[in-house]
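Below you'll find the structure, written out as structure tokens, and then a few comments.
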Amino acid sequence: MTRILFLAFFFGSFINVFAGEKKPPQSIDTLQSVHFDAIDQKAKIAVGKIMQYTGLPQNFIIVNEDVRTAVAYIKNRKRYIAYNDDFIKRILDETQTDWSAVSILAHELAHHLAGHTINIREQSPGDELECDIFSGFILYRMGATMEEANVAMEKFVPDTTNKIHPPKSARLQAIKTGWLQAKALDNVDAAISSDAVNTKKEVKMTYELTLTGDDNLYFIDDNDRVIWFDNYGTPIVIGMIKEPESKSYQWTYSYQDKNYGVDFKGKIWRSSNHGAMAIIGQVFKIIVKEEEE
Ligand SMILES: [Zn+2]
């Protein structure tokens, strides 16, 4: 294609020189007829703008690929953001705002910025929430309202169909948290009145929960909620501990539409469709030293 364009340009110029005409060379028409993908431009503008708000250089490679929605990965030591242009087109059309695409790209950028793409590992709920917080944070900084920051998540993330991602309610809360954190930096009064600050108080943790292959720590509070804390200490509920489904367990850990058995040694078990059992994590009791009062 490049060669054809070059030839067209060359002959276009050649003919013009000989005709002695001053009208623009033919090659401009040829260039304009090349397929122009506005989505490609929008994606690049969005990533460029997001990075401006971080103060970091934009040196990600942005590509349109046959991925399901959008994904961050490293190849040959270069950082890529790949998006599916039909998906981006669809969210832009259905949400009628560019913020939806910006929030999805911000989430993917956060996987790079937070270092999640350095080692290939399974996605974890904590990682996902970290990226949702960044997305909410940066969208506030860019001028989006909280509703605009949430629009892609509201419209395009199904409630319970995805095994890797945390519950939609937790993800919406994470975006809101990030948005409020950014707002709190703007305005001290907003920080005092924000939910992000209010939710910090009076949460008592009784157990710690770890998942295989996931560096994050999760906690179980005295209301049986499974909680992840962001780096500012804001709790986000990702699951629940419930009555056991069988006598060999002390609890059921309910995450998304999945239930896992927690045995009496704190091991979290997953059973496959074929009945094979695997340990996917461990629960530890938190021992609090008795003091005062
Ligand atoms: Zn993600």
Note down all Cβ pairs under 9 Å where the first residue falls in region 164-181 and is more than 23 Å from M142 (Cα to Cα), the second is assigned to a helix (DSSP H, G or I) and more than 12 Å from the ligand (Cβ to nearest atom), and they're at least six residues apart or on different chains. K168/E154
State which residue is surrounded by the most Cβ atoms within 10 Å (Cβ to Cβ) when the search covers only region 118-154 and only residues that are over 20 Å from L185 (Cα atoms) and among the small types (G, A, S). A152
Check whether at least one residue in region 74-82 is closer than 18 Å to V151 by Cβ and either out of contact with any Ser or Thr (no Cβ under 8 Å at 6 or more places or on another chain) or in the same structural domain as Q123 (by TED's automatic domain parsing) (or both), and report yes or no. no
The lone condition G143 fails out of (1) within 14 Å of the ligand (Cβ to nearest atom); (2) without any contact (Cβ under 8 Å) to a residue 12 or more places away in the chain is (1)
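Being more than 16 Å from the ligand (Cβ to nearest atom) and surrounded by 18 or more Cβ atoms within 10 Å (Cβ to Cβ) is the filter; apply it to region 93-111 and report the residue that is farthest from the chain's Cα centre (by Cα). Don't jump to the end; show me each part of the working.
Step one: filter region 93-111 for residues more than 16 Å from the ligand (Cβ to nearest atom), giving 93-99.
With surrounded by 18 or more Cβ atoms within 10 Å (Cβ to Cβ) added as a condition, the list becomes 95, 99.
Details: T95: 18, W99: 14 Å.
Filtering region 93-111 for residues that are more than 16 Å from the ligand (Cβ to nearest atom) and surrounded by 18 or more Cβ atoms within 10 Å (Cβ to Cβ), the one farthest from the chain's Cα centre (by Cα) comes out as T95.
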Looking at (1) more than 16 Å from A38 (Cα to Cα); (2) touching a Ser or Thr at 6+ places or on another chain (Cβ under 7 Å), which one does I50 not meet, given that it meets all the others? (2)
Test for R79: is it within 16 Å of the ligand (Cβ to nearest atom) and assigned to a loop (DSSP other than H, G, I, E, B): no
Out of the residues in region 235-257 that are in contact (Cβ under 8 Å) with a residue 12 or more places away in the chain and either out of contact with any strand residue (DSSP E or B) (no Cβ under 8 Å at 6 or more places or on another chain) or polar (S, T, N, Q) (or both), which is farthest from T212 (Cα to Cα)? S246
Against the condition modelled with pLDDT of 85 or more, more than 20 Å from N84 (Cα to Cα) and surrounded by 11 or more Cβ atoms within 10 Å (Cβ to Cβ), how does L56 come out, does it pass? yes
Have a look at E208, E243 and point out the one that is more than 16 Å from K258 (Cα to Cα), at pLDDT 85 or above, surrounded by fewer than 17 Cβ atoms within 10 Å (Cβ to Cβ) and in contact with a Phe, Trp or Tyr (Cβ under 8 Å, 6 or more places away or on another chain). E208
Given the conditions (1) more than 16 Å from the ligand (Cβ to nearest atom); (2) surrounded by fewer than 16 Cβ atoms within 10 Å (Cβ to Cβ); (3) of a type in the set (A, V, I, L, M, F, W, C), every one holds for V71 apart from (1)
Which numbered condition E122 fails, given (1) in a loop (DSSP other than H, G, I, E, B); (2) more than 21 Å from P235 (Cα to Cα); (3) away from the ligand (no atom under 13 Å from the Cβ): (3)
Which pairs do you get when a residue that is within 10 Å of V151 (Cβ to Cβ), found in region 93-114, comes within reach of a residue that is at pLDDT 95 or above and within 12 Å of the ligand (Cβ to nearest atom), reach meaning Cβ atoms under 8 angstrom, with the pair 6+ apart or on two chains? S103/S135
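The values are calculated or read from the model by the stated rules, or taken from the named source; none is laboratory data. These figures come from a predicted structure and were not determined experimentally. Virtual Cβ from ideal backbone geometry, glycine too; neighbours counted across all protein chains shown.
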